[in-house]
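Here's the structure we're looking at; comments come further down.
The values are calculated or read from the model by the stated rules, or taken from the named source; none is laboratory data. Every value quoted in this text rests on a predicted model; they were computed, and no experiment measured them. Glycine gets a Cβ as well: all are built from the backbone with ideal geometry, and neighbour counts include every protein chain shown. All accessible areas refer to the heavy atoms of the entire protein, side chains included, with ligands and DNA or RNA removed. Shrake-Rupley method; radii C 1.70, N 1.55, O 1.52, S 1.80 Å.
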Amino acid sequence: MLNIFWVLILAGAVYAAYYVIMYIKDIRDLLEEQRDQNEQIIDLLEQQNPDREQW
């Protein structure tokens with residue numbers, strides 16, 4: 001009976017670790033998308049203000 005208990009604990013830990021890893025992966029993907037959007041915004045701003053470094 002004790003072995004079943006430890007198997008259930010181990011299965012729960014693996015299950016939780018899997019979802020934590022997937023959550024971190026989703027956050028990383030969202031941050032990469034945000035970085036790409038920020039780079040596009042910076043490019044547009046540099047096109048509108050090509051001489052901004054003279055300020």
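A few points about this structure:
- Check on Gln47, out of contact with any strand residue (DSSP E or B) (no Cβ under 7 Å at 6 or more places or on another chain), of a type outside the set (Phe, Trp, Tyr), without any contact (Cβ under 8 Å) to a residue 24 or more places away in the chain and open to solvent by 100 Å² or more (accessible area, probe 1.4 Å): yes
- The set of residues from the range 17-33 being open to solvent by less than 90 Å² (accessible area, probe 1.4 Å) and either among the aliphatic types (A, V, I, L, M) or over 10 Å from the mean Cα position of the chain (by Cα) (or both) comprises Ala17, Val20, Met22, Ile27.
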